[in-house]
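Let me begin by presenting the structure, written as structure tokens, before commenting on it.
The values are calculated or read from the model by the stated rules, or taken from the named source; none is laboratory data. On a predicted model such as this, the values are computed, not experimentally measured, just so you know. Cβ placement follows ideal geometry from the backbone for every residue including glycine, while neighbour counts extend to all protein chains displayed.
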Amino acid sequence: DGALAPEGVAKADAAGDLRQAQADMALVSLPSAGIKRIAKSGAPGVRFSGEAVAALHRVAQTFICFATDSALNEMRVETERAKRSRGKSSFTAKKTLGTDHVMRAIVADLGPIASKLASLFPELVPAEFRPVGIRLLEQLREQQHKEQQNTEREDAMAARAAAEVAQTRGKDDGVDVADLAAVAPAATEAAADEPPRKRAKLAEAAPKAATKAPSSAPLSKFFGRCVARADDAAD
């Protein structure tokens with residue numbers, strides 16, 4: 001009995017460690033629906049039993065633990081490298097584990113899996129790890145956005161210049177400048193809502209339309225012309 005006591009203690013300790021490990025792994029749990037969806041996307045048309053889903057869940061938990069440990073090691077290496085380059089006095093260690101650490105660790109150990117993760121979740125990984133096609137699309141979208149902003153800015157400047165020209169000519173022809181000033185902002189907003197080609201045509205046509213603004217004349221001249229025409233008709 002005395003010889004069996006240590007063996008029983010060892011078994012009890014092993015059982016306790018197993019229960020503790022299971023409790024720790026339970027903290028890294030994933031939704032079963034997500035595990036099933038991943039499994040079906042990897043093997044469409046195949047049915048998975050409850051035991052198979054549980055095994056895949058355990059594999060996912062193991063991968064999470066492996067990726068976390070590798071990322072922590074990567075962060076430690078980065079911290080040591082920064083200490084050597086900057087000096088211990090002026091360096092503050094970064095204590096937050098980021099996606100860049102995780103991706104660098106996975107790329108070093110599991111390159112194909114890192115590429116798959118970057119393809120599935122490009123918005124969650126740093127830009128340097130995203131696929132080339134996605135980076136090109138992002139650059140194209142950024143260029144289009146800048147071109148649209150430049151076009152809107154040029155259209156606004158052209159509409160403002162056309163309004164200034166119209167105001168200047170309106171003063172010479174007797175047109176009410178206040179009315180033109182009230183119309184100019186509305187014209188600028190309407191031009192901004194039009195397509196780029198139509199906005200360019202409107203910007204070109206604005207000075208021409210301004211030159212055709214009808215000039216107002218005093219009412220005395222108008223009635224004087226009417227009286228003169230009536231006298232001619234009477235003769």
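Worth a mention:
- Matching residues, region 40-62, being over 24 Å from A105 (Cα atoms) and surrounded by 12 or more Cβ atoms within 10 Å (Cβ to Cβ): K40, F48, A52, V53, A54, A55
- When we screen R130, R141 for residues that are under 30 Å from M103 (Cβ atoms), out of contact with any Leu (no Cβ under 9 Å at 6 or more places or on another chain), surrounded by 14 or more Cβ atoms within 10 Å (Cβ to Cβ) and not aromatic (F, W, Y), the only hit is R130.
- Here the condition is being modelled with pLDDT of 80 or more and either in the same structural domain as L97 (by TED's automatic domain parsing) or not aromatic (F, W, Y) (or both); of L180, L219, L124, L202, it holds for L124 alone.
- Some residue of region 63-74 being over 24 Å from A21 (Cβ atoms) and either surrounded by 14 or more Cβ atoms within 10 Å (Cβ to Cβ) or at pLDDT below 85 (or both): yes
- The single condition among (1) in a helix (DSSP H, G or I); (2) within 27 Å of P131 (Cα to Cα); (3) not hydrophobic (A, V, I, L, M, F, W, C) that P44 does not satisfy is (1).
- Of the residues F66, F48, the single one that is closer than 20 Å to H101 by Cβ and aromatic (F, W, Y) is F66.
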